[in-house]
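Below: one structure, written as structure tokens.
The values are calculated or read from the model by the stated rules, or taken from the named source; none is laboratory data. In this text the structure is predicted, and so the values were computed from the model without any measurement. With ideal geometry, Cβ positions are generated from the backbone for all residues, glycine too; neighbour counts draw on all protein chains shown. In case anyone asks, the SASA skips ligands and DNA or RNA and just uses the protein heavy atoms, side chains included. Shrake-Rupley method; radii C 1.70, N 1.55, O 1.52, S 1.80 Å.
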Amino acid sequence: MSSKTEEASSFSLLCAIRNARISTKITAVYAVILFILLTVGMSALAFGVYYAFYHQAEVAIAISEQRTVEKVEGGADFTPSFWNDDPVLPGVVLRVTDITGRVVFENDAHFPSLSDIEENTRIRPPFWADQSMAVADIGNLTIYHATVDVMHGGSIYTLHFLRTITAESAFLKDMQRFLLLLTAAGFLIALGAGYFLSRRVLRPIRTMMATAREIEVEDMSRRIEPAPAHDELHELAVTFNHMLDRLQQGFSQQQRFVSDASHELRTPVTVIL
């Protein structure tokens, strides 16, 4: 029963669309196209902003990881002198843990702890993020977390590279809401503008329709005023007026024939009567 109801509703909707005015169809098409363009544009803008933040953090971590691993493999000890050659880029936090998970070396003790980062790690990071790195949200911070295991002094250590992707998560969420509102407002504006433009463009056609309704066989002197612009509507008006001229000429010839025939037959009919 529900399937039949849905089919009937779909059929009614198709009939309503098919029988809608041309101005309504133009408005709908214009609004849908503009809505798609707005959606694609706003999505591309949002993706570009997020990609820029994430990519910058990825590059910083990748360079820091390469330099640090090379230095550890070169025999450098985890002492203050480890930072002499700046193995990590500014903004990247390095923490070294032993096999028990204890932090034995770090360059920023005030950065969120590893336990907090692991507890707030996203189960499903965004598709534009590097899948080899974890993404964590702590307050307004969005943090990248990459790990590398190395052998040093006969023991296994884990290098944790942490980099803040953005410290303005709230700003990014507000930006998303603003873009959604802007898209909705653009769609509504497109509806209004499309309706106004379609009615303005089709006004000459409505004038033609009104003039055609007023034309009668007894009085075919009325003509449609062609549009100032020499476009298709101008040509349509000229063609319609030309058709009326030929029709008027044909009716005039018919009236003259009837008048002449009546005059010629008047005397014979009188004689017959």
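Summary of values
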{"quantity": "Residues of the stretch 115-137 that turn out to be touching a residue at least 40 places away in the same chain (Cβ under 8 Å) and over 31 Å from the mean Cα position of the chain (by Cα), as a count", "calculated": "1"}
{"quantity": "Among the candidates ASP149, ASP174, ASP137, ASP116, residue that is open to solvent by 70 Å² or more (accessible area, probe 1.4 Å), among the acidic types (Asp, Glu) and under 21 Å from VAL92 (Cα atoms)", "calculated": "ASP149"}
{"quantity": "Unmet criterion (only one of (1) within 17 Å of GLN56 (Cβ to Cβ); (2) within 32 Å of the chain's Cα centre (by Cα); (3) of a type outside the set (Val, Ile, Thr)) for ASN140", "calculated": "(1)"}
{"quantity": "Answer residue from the stretch 100-113, given it is without any contact (Cβ under 8 Å) to a residue 12 or more places away in the chain and closer than 22 Å to PRO90 by Cα and is least open to solvent (accessible area, probe 1.4 Å) among those", "calculated": "SER113"}
{"quantity": "Filtered residues of the stretch 39-75 (kept if touching a Lys or Arg at 6+ places or on another chain (Cβ under 8 Å) and of a type in the set (Val, Ile, Thr))", "calculated": "ILE61"}
{"quantity": "Selection within the stretch 158-210 - polar (S, T, N, Q) and either touching a residue at least 60 places away in the same chain (Cβ under 8 Å) or closer than 30 Å to ALA237 by Cα (or both)", "calculated": "THR158, THR164, THR166, GLN176, THR183, SER198, THR207"}
{"quantity": "Test: residue in the stretch 55-69 that is modelled with pLDDT of 85 or more, touching an Asp or Glu at 6+ places or on another chain (Cβ under 6 Å) and surrounded by 14 or more Cβ atoms within 10 Å (Cβ to Cβ)", "calculated": "yes"}
{"quantity": "Filtered residues of the stretch 107-118 (kept if acidic (Asp, Glu) and at pLDDT below 90)", "calculated": "ASP108"}
